[in-house]
Amino acid sequence: MSNSLSYRKTKIVATIGPASNDLETLKKLIQAGMNVARLNFSHGTFEEHKQTVANIRKASEELAAPVGILQDLQGPKIRILGFEGEKKLQPSDKIIITDSSVPSKSENHFQVDIKDLHKFVKKDQSIFIDDGIIEIKINKIDNKSIECEVVHGGVLRPRKGVNLPDVELPIESMTAKDIKDLELGSELGFDYVALSFVRSSNDIIKLKKRLSKLSSTSRVIAKIEKKEALINIESILEEVDGVMVARGDLSVEIGQVHLPAEQKKLIKLCNKKGKPVITATQMLESMHINSRPTRAEITDVANAVLDGSDALMLSGESAFGKYPVRSVQTMHDIVLEVEKQPSLYHRFKNQKKTPVVFTVPESIAISAVLCSRQLEAKTIVCLSTTGKTAQMISKYRPKAKLIAVTGKNEALCKLELCWGVQTLTMQPYKNTEDAVAKIESLLLENGVIKEGDNVVMTLGLPVAHGQKTNAVQVFVAGKGIKKDAGNKKAYRFLKK
């Protein structure tokens, strides 16, 4: 395999499950292109997740490849209970829905895991099950029993999700289970936490307060899957570190025909704000059972890249499908081909109508991108401790390779969601000259640059004082380089 893995700009999030949680498969997933591993806390025990995290970290260490780990909280997802196996529902079938306090009395009686659902629904409202595959309509509400008729049938399985688009439920975005999972998860040091069914910025603020009390440094991802979230998206973006376009529940909530336009709007807004955005759900759905995707899926992945997604996510394809590694490799190959399109790069703000006032960090970021374009520099290097400058540069979509260099592995993993950012670990440095020499050596040794290349670098001066990024510097590789600067080689730039 070629070293093209390191040149892919759009990141890949892969959900880890029974088909992929062993050490050897995880190593293959990283080699195929996984940047972030997602653990879905709707399934599995904490001990199982703990072992999976240990396996991911071991695979990452053995391959010298930083991998971000995402804890995806279940949230107030309503689920079907009260039966085992499968039930085939046909149009016009009559069924009864109750909460779990009412014992199941017949094979057409199903329970949901929310108390007093009958109090919040009305006659003629629709209920959608399993991402909208099954639709039922309420005919009558008798005490706690909701009598329904099947409109669109399908195979019903236990614990499938239930959506009520026209119903306002008095439930919090963070459930008691989520709070417990968050507390248990804090000891595992997740790089990201995704909050399900976000409705307002207040949901994010509550999560951040809990993370702070747990002394967690996890970055917060808002899953956009409710109508209310679309209404409040501007204020939500002010609070979050990133967004996931959770297309399954979102399409049921707003109607599937409205999904493509809303997806594009969300991605464009996140790009404008410089917030990483993940496009998720059914990206390569057919690869659950097939070794190749459909043409429509290939086009869907390509369009998500062209729209400006920072990352694309695989769900069941990598968690319990037959081809987890091949799914990641397929997504990598599609993305790499799409990224040959020039329209992806150098996306600057439109200043024709209203002049834009830049902050110092943003000015440095945009200067680095413009400088790399004017000098035809193939590499931008960010000397950083937190990685914030690299994320800001990513916002402007440079065509040059974007390398974040730091000695803090935690910062490297948190950059794995950001478009175009690759990471390298560097040994401690004494001053600016020493830092430049070590970086130059690191890039040459790992084949990122060759002698004579222009390199654009952002850093904080004076570097010995840990100053925040305040300068752009250009150097020509191979002039005055210190040999043997004590750097370690990095997997992502050495794949053959």
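Here, each number is a calculation from the coordinates, and none is a lab measurement. Remember, predicted model here, so these are calculated numbers, not experimental data. We place every Cβ from the backbone using ideal geometry, glycine too, and count neighbours over all the protein chains shown.
Add -39500 (n - 2.57) for each DSSP H run of 4 or more in the chain, then divide by its residues: what number comes out at 222 nm, to the nearest 500 deg cm²/dmol?
Estimated from H runs of four or more residues: -10000 deg cm²/dmol.
Model label points for Glu48 and Lys272, set 7 angstrom from Cα along the Cα-to-Cβ axis, are 4.2 nm apart. DSSP finds beta bridges in the chain, and of those with both partners inside it, around 40 percent are antiparallel. Here Asp113 and Glu86 are evaluated by their C-beta separation; at R0 = 25 Å the FRET efficiency comes out at 0.85. Applying 1/(1 + (r/R0)^6) with r as the Cβ-Cβ distance of Asn303 and Lys227 and R0 = 22 angstrom yields a FRET efficiency of 0.40.
Rounded to the nearest 10 degrees, the angle from helix 324-338 to the longest Cα principal axis of the chain is 60 degrees.
Here region 360-493 is assigned +1 on the Cβ of each Lys and Arg and -1 on the Cβ of each Asp and Glu. Its dipole about the Cα centre then comes out at about 240 debye.
First check a/c for region 78-163, with a ≥ b ≥ c the square roots of the eigenvalues of its C-alpha gyration tensor; if it is under 1.5, answer rounded, and if not, answer prolate when a/b is larger than b/c or oblate otherwise. Verdict is rounded for region 78-163.
For the chain, what's the relative contact order in percent, using C-alpha pairs closer than 8 Å and at least 6 residues apart?
That works out to 15 percent.
When a/c reaches 1.5 or more, the comparison of a/b and b/c decides; with that in mind, is region 19-79 rounded, prolate or oblate per its Cα gyration tensor? Prolate, because a/c is 1.5 or more and a/b exceeds b/c.
Treat every Asp and Glu Cβ in the chain as -1 and every Lys and Arg Cβ as +1, leave all other atoms uncharged, and give the resulting dipole magnitude about the Cα centre to the nearest 20 debye.
Details: 74 positive and 59 negative charges, 290 e Å.
I would put it at about 1400 debye.
Against the chain, whose longest principal axis comes from its Cα atoms, helix 432-445 is set at around 70 degrees. Of the labelled figures (1) 3, 15, 19, 18, 17, 15, 9, 3, 0, 0; (2) 4, 19, 28, 25, 14, 6, 3, 1, 0; (3) 4, 17, 25, 22, 16, 10, 5, 2, 0, 0, only one reflects P(r) over Cα pairs in 10 Å bins from 0, in percent as derived from the coordinates, namely (2).
Taking label positions 7 Å along the Cα-Cβ direction at both Arg292 and Val360, the computed distance is 5.6 nm, reported to one decimal. Under a point-charge model restricted to the Cβ atoms of Lys and Arg (+1) and Asp and Glu (-1), what is the dipole moment magnitude of region 215-369 relative to its Cα centre, in debye to the nearest 20? Result for region 215-369 is approximately 420 debye, rounded to the nearest 20.
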